[in-house]
Ligand SMILES: [Zn+2]
């Protein structure tokens, strides 16, 4: 059973639970939707009308670290709105090699385009950092979007920002040095969790940054030697955030600015 996380100051009239093969859902039916406070910025930005329409279909879930939500080819039955979980979208090659194309935390939702298009996922989506998220059936989201031009516009605006993140990531992987890319990725992950300490192994960072497993250790050591991070087995701690920002490539500020802009809308 999962619990509520403090900021759901709502009167819950009924909670029904059931389990699925991959995750456990708790549906929330609130007596007053105006009392619900979301951590997810897309959900926060819903108009009162869209909020009223969507809330009864939202479920809160608890995701374990490394939990896979979709494999390539899977039907997108649910769309996920992370609260403090961080989800990773990964492209998987035929030989099993995988590289992250984008990350989604509390600033948005995934998989938006596949969910809205009713097309199977082309990527693996998994919990890079475990935690709470909201989810709702993709079919219901399509139905609600068809009834609301404002909701449709918001969902496509978020999808465009996520596409921008992936495009910037492609350019970053080609043009920027591995230490600056790792700094960018750690900053983005910290932004999404709000924690100085991140549960990440070097093997994990290798997949996420596209840096070879054999060299990620040297790359991480470079950041540690500069006093930017500390790490121990399975854990990375940001030691000097301003210096890490100064060290990161320009892609960090470009992506951060895009999502900050979404939150101001
Ligand atoms: Zn870059």
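State yes or no: is residue 182 in contact with a strand residue (DSSP E or B) (Cβ under 8 Å, 6 or more places away or on another chain), within 16 Å of the ligand (Cβ to nearest atom), part of a helix (DSSP H, G or I) and not assigned by TED's automatic domain parsing to the domain that holds residue 116?
Judged against the criteria, residue 182 is not a match.
Looking at this structure, is residue 160 surrounded by fewer than 20 Cβ atoms within 10 Å (Cβ to Cβ) and under 22 Å from residue 93 (Cα atoms)?
In short, no.
Take the residues of the stretch 204-230 that are in a helix (DSSP H, G or I) and without any contact (Cβ under 8 Å) to a residue 12 or more places away in the chain: which is surrounded by the most Cβ atoms within 10 Å (Cβ to Cβ)?
Filtering the stretch 204-230 down to residues in a helix (DSSP H, G or I) leaves 204-209, 213-225.
Narrowing the set further to residues that are without any contact (Cβ under 8 Å) to a residue 12 or more places away in the chain leaves 206, 213-214, 218, 221, 224-225.
Working: 206: 20, 213: 11, 214: 8, 218: 12, 221: 14, 224: 14, 225: 9.
Going through the qualifying residues, I end up with 206.
Could you go through the stretch 239-258 and let me know if any residue there is modelled with pLDDT under 90 and either closer than 30 Å to residue 51 by Cβ or in contact with a helix residue (DSSP H, G or I) (Cβ under 9 Å, 6 or more places away or on another chain) (or both).
Checking the stretch 239-258: not a single residue is modelled with pLDDT under 90 and either closer than 30 Å to residue 51 by Cβ or in contact with a helix residue (DSSP H, G or I) (Cβ under 9 Å, 6 or more places away or on another chain) (or both).
Evaluate the following for residue 257: is it loosely packed, with under 13 Cβ neighbours inside 10 Å, away from the ligand (no atom under 16 Å from the Cβ), free of Cβ contacts under 8 Å to residues at least 24 places away in the same chain and not assigned by TED's automatic domain parsing to the domain that holds residue 157?
no
Give me the residue from the stretch 231-254 that is away from the ligand (no atom under 16 Å from the Cβ) and in a helix (DSSP H, G or I) and, out of that set, surrounded by the fewest Cβ atoms within 10 Å (Cβ to Cβ).
Filtering first and then ranking leaves 242.
Check the stretch 168-179 and report whether any residue there is modelled with pLDDT of 90 or more, surrounded by 14 or more Cβ atoms within 10 Å (Cβ to Cβ), at negative phi and away from the ligand (no atom under 15 Å from the Cβ).
no
Here is a check on your reading of the model: is residue 115 part of a helix (DSSP H, G or I) and away from the ligand (no atom under 16 Å from the Cβ)?
yes
The values are calculated or read from the model by the stated rules, or taken from the named source; none is laboratory data. From a predicted model like this one, the values you see are computed outputs, not experimental measurements. Positions of Cβ are backbone-derived with ideal geometry, glycine not excepted, and every protein chain shown enters the neighbour counts.
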